[in-house]
Amino acid sequence: MSRTDLPAHVSPFAHTPGTPEYDGGARLFRAAATPEVVLRPRTAEEVASAVGACVAAGLRIQVRSGGHGSPPCPDGALIDLGGMDDVDVSGTVVWLGAGARWEQVAEALAPHGLVITSGDTGAVGVGGLTLGGGIGWLVRTHGLTVDAVRQIEVVTADGVVRRVSADEDPDLFWAMRGGGGNFGVVTRFCVEAAPAPTLVRAELAYEPSATRALLAAWWEVMADAPDTVNSTLAVMPAISPQFPAGGLVDLVVDGTMEQAHDLLAPLLALDGLRSQSIDGCTYADLLGPTPPDDIPVTFVSGNRVVTDLTPAALDGIAALAMGEVPTMVMLRALGGAFGRVGAEETAFAHRGARALVVLNALLPEEAPTEAIDAVRADHAAVLEPGAGVYGNFSLERGSHVTAAMYPPATLERLRAVKARVDPAGVFTAAHALH
Ligand SMILES: Cc1cc2nc3c(=O)[nH]c(=O)nc-3n(C[C@H](O)[C@H](O)[C@H](O)COP(=O)(O)OP(=O)(O)OC[C@H]3O[C@@H](n4cnc5c(N)ncnc54)[C@H](O)[C@@H]3O)c2cc1C
């Protein structure tokens, strides 16, 4: 493939290997893609031209927005939307360019006293996080990111720019709220923003010896908490002298300092509390930096959205966190507004879930397959069988993962939409609908 193989109107933003523009567009979190060509359009019309040119040239298309969730694209074309990052606010209605980062969104909305619930990391892109669901800091208060989406501007495989919503192609609108990047190139999302909350944030750190009691106390606090409370609990292996092993609770309350202290009482009373900080913060303050992506390890990760954390499940999680294989455990509380959206309203169907459990084992870079398989078996023994997988957090791909991401009826409906809008399978998503 060379730039001259593509039509003249596309070549100004088409880049081939060996150029800085190609390298910039192909850069992904913990990977670099090696497509034949990287297209970096700036408008929906340029995206439509790019799609048309790729289809005519017989190139399969992968899309990159923030680059934090794509598998390394080995060939075909990669359309990089990093330059399409406008955030336009009109009242409480916000049009988000798919290439915007969530930290940009939070910054742009702050002067208007508005927020959109997103993930926990500022540099993650709007496109990938939203299409997969979006489990963020206000998930119990406002639901998933997709729950606030009102319209989607998308270029489909026929090269047409469409606006879909509950009124315009409701099936495609449904599919793109949880079904990932299988249906076209999303250029913009229209989202209903919420009033900015008055946040109190508690960050509590614990000794490793507190792990089992901490898991139980956190789960009890979150099981009864009102929708205005959101929280994650991480149990980390020792990473460096600054980051020793132990538990970390991050709990955010839309309310007063007094309400926060009342909620936190059982957690503050636990033995092994190493440090605490409880303070007011803004939504933008919650969006953390991207972790380093050059740590020389093999991550073996698994996750489930679970309906309960029984004492036996908490025993298993604690044993993994304290086991021989260094493992990062993260629990995120769900429920609240997330659970009040019907399972059939969006393609994210697991609305009965009360928590997301993420296990991330750190193996040596050249870990043998047997060691990886052994960790997967340990994870499977702990993760609730039959519970759903959150695709945005799944580094594993394949039909077994897709089958766990979607209940059978949801998957069937997604496949029907895919067959209608992309019958030739032009778009290669992070999770194909096998
Ligand atoms: C450090 C880190 C923190 C994270 N934290 C959270 C979190 O708190 N909550 C959460 O829910 N998730 C979180 N995630 C997961 C994240 O939601 C996914 O990795 C998501 O895919 C990233 O979006 P992106 O646009 O940056 O990725 P990209 O790599 O650009 O996109 C990922 C995939 O999404 C599809 N896609 C992206 N943009 C488009 C588009 N415009 N049109 C069509 N298809 C598109 C493509 O299939 C693409 O392969 C985190 C990931 C990382 C690495």
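Can you compute the charge dipole magnitude of the chain about its Cα centre, using +1 on each Lys and Arg Cβ and -1 on each Asp and Glu Cβ, nothing else charged? Give it in debye, rounded to the nearest 20.
It comes to approximately 720 debye.
Using the alpha carbon gyration tensor of region 1-93, what are the three equivalent-ellipsoid semi-axes (square root of 5 times each eigenvalue), largest first, in whole Å?
Output for region 1-93: semi-axes of 22, 17, 11 Å.
Using a 1.4 Å probe on the protein chains only, how many percent of the accessible area of region 3-80 belongs to carbon and sulfur?
Working: 1780 of 3330 Å².
Roughly 53 percent of what the probe reaches on region 3-80 is carbon or sulfur.
Using label points projected 7 Å from each Cα along Cα→Cβ, tell me how many nm separate Thr92 and Asp308, to one decimal.
Here the modelled spin labels are 3.6 nm apart.
Below 8 Å, C-alpha to C-alpha, sequence gap of six or more: please give me the relative contact order for region 199-399 in percent. Before the final figure, lay out each step's value.
Details: 347 pairs, mean separation 52.5, N = 201.
Here the relative contact order equals 26 percent.
Which far-off residues, 5 or more places away or on another chain, put their amide H under 5 Å from the one on Thr307, with H placed in the peptide plane?
Arg354
Hey, if you drop one equal point scatterer on each alpha-carbon of region 339-434 and run the Debye formula without solvent, what base-10 log of I(q)/I(0) do you get at q = 0.12, 0.17, 0.24 Å⁻¹?
-0.49, -0.88, -1.34
What are the ³J(HN,Hα) values, in whole Hz, obtained from phi via the Karplus relation 6.51 cos²θ - 1.76 cosθ + 1.60 with θ = phi - 60°, for each residue of region 41-47 in sequence order, with x given for Gly and Pro?
x, 10, 9, 4, 5, 5, 4
How big is the antiparallel share of DSSP beta bridges in the chain, given as a percent to the nearest 5?
Restricted to the chain, the bridges split so that about 90 percent are antiparallel.
Go ahead and set up a Gaussian network model of the chain, Cα springs under 10 Å, then flag whichever of Val421, Val185, Val51 fluctuates most.
Judging by the Gaussian network model, the answer is Val421.
Give the span of region 118-271's Cα atoms along each principal axis, as three whole-Å numbers ordered largest to smallest.
61, 34, 22
Rg(Cα) of region 156-227 divided by 2.2 N^0.38 Å?
Rg over 2.2 N^0.38 Å, computed on Cα atoms: 1.89.
As a test of the definition: which semi-axes, in Å, follow for region 202-325 when you take the square root of five times each eigenvalue of its alpha carbon gyration tensor? Largest first, please.
Working from the Cα gyration tensor, I get semi-axes of 24, 19, 15 Å.
Under the Kirkwood approximation applied to all pairs of distinct alpha-carbon atoms, what is the hydrodynamic radius of region 1-48 in Å?
For region 1-48, the Kirkwood estimate is 11.3 Å.
With viscosity set to 1.306 mPa s and temperature to 10 °C, compute the Stokes-Einstein D of region 100-151, Rh being the Kirkwood radius across alpha carbon pairs; µm²/s, no decimals. Numbers along the way, then the final one.
Working: Rh = 10.9 Å.
Reported coefficient: 145 µm²/s.
If you roll a 1.4 Å probe over the heavy atoms of the protein chains, what accessible area per residue do you get for the chain, in Å²? Could you put the intermediate results ahead of the total?
Numbers: 17810 Å² over 434 residues.
In whole numbers, the chain has 41 Å² accessible per residue.
Using only Cα atoms, figure out Rg for region 87-195 and give it as a multiple of 2.2 N^0.38 Å.
Expressed relative to 2.2 N^0.38 Å, the Cα Rg reads 0.99.
Using every pair of alpha-carbon atoms in the chain, split the distances into 20 Å bins beginning at 0 and state the percent of pairs per bin, rounded to integers.
For the chain, the pair-distance distribution reads 26, 57, 16, 0.
Quick one, can you get me the convex hull of the C-alpha atoms of region 27-158 expressed as volume per residue in Å³?
Measuring per residue, one finds 103 Å³ for the Cα hull of region 27-158.
If the convex hull of the alpha-carbon atoms of region 19-71 is projected onto planes in all directions, what is the mean projected area in square nanometres?
Value for region 19-71: 3.8 nm².
Please report, to two decimal places, log10 I(q)/I(0) for region 260-391 at q = 0.16, 0.18, 0.22 Å⁻¹ as given by the Debye formula with identical point scatterers on the Cα atoms and no solvent.
So the normalised log intensities work out to -1.09, -1.24, -1.32.
Of the beta bridges DSSP finds with both residues in region 3-80, what % are antiparallel, to the nearest 5?
The antiparallel proportion sits near 35 percent.
Would you look at the GNM of the chain, springs on alpha carbons closer than 10 Å, and say which of Ala98, Ala337, Ala312 moves the most?
Among Ala98, Ala337, Ala312, the largest GNM mean-square fluctuation belongs to Ala312.
Quick one: with all protein chains in place, what share of the accessible area of region 254-355 is carbon or sulfur, to the nearest percent (1.4 Å probe)?
55
For Arg162 and Gln276, calculate 0.36 nm times their separation in residues minus their Cα-Cα distance, and state this gained length in nm to one decimal.
36.1 nm
In whole Hz, what ³J(HN,Hα) sequence does region 189-200 give by Karplus (6.51, -1.76, 1.60; θ = phi - 60°), x for Gly and Pro?
Values per residue, Gly and Pro as x: 10, 9, 10, 8, 7, 10, x, 5, x, 9, 9, 10 Hz.
Apply the Karplus parameterisation 6.51 cos²θ - 1.76 cosθ + 1.60, with θ equal to phi minus 60°, to every residue of region 283-296 and state each ³J(HN,Hα) to the nearest whole Hz, in sequence, with x for glycine and proline.
With the stated coefficients, region 283-296 comes to 4, 4, 4, 6, 7, x, x, 5, x, x, 9, 10, 5, x Hz.
The values are calculated or read from the model by the stated rules, or taken from the named source; none is laboratory data. Just so it is clear, the model here is predicted, and its values are computed rather than measured. Reconstructed Cβ throughout: ideal geometry from the backbone, glycine too, with neighbour counts over all protein chains shown. Ligands, DNA and RNA are excluded from the accessible area calculation, which covers all protein heavy atoms including side chains. Shrake-Rupley method; radii C 1.70, N 1.55, O 1.52, S 1.80 Å.
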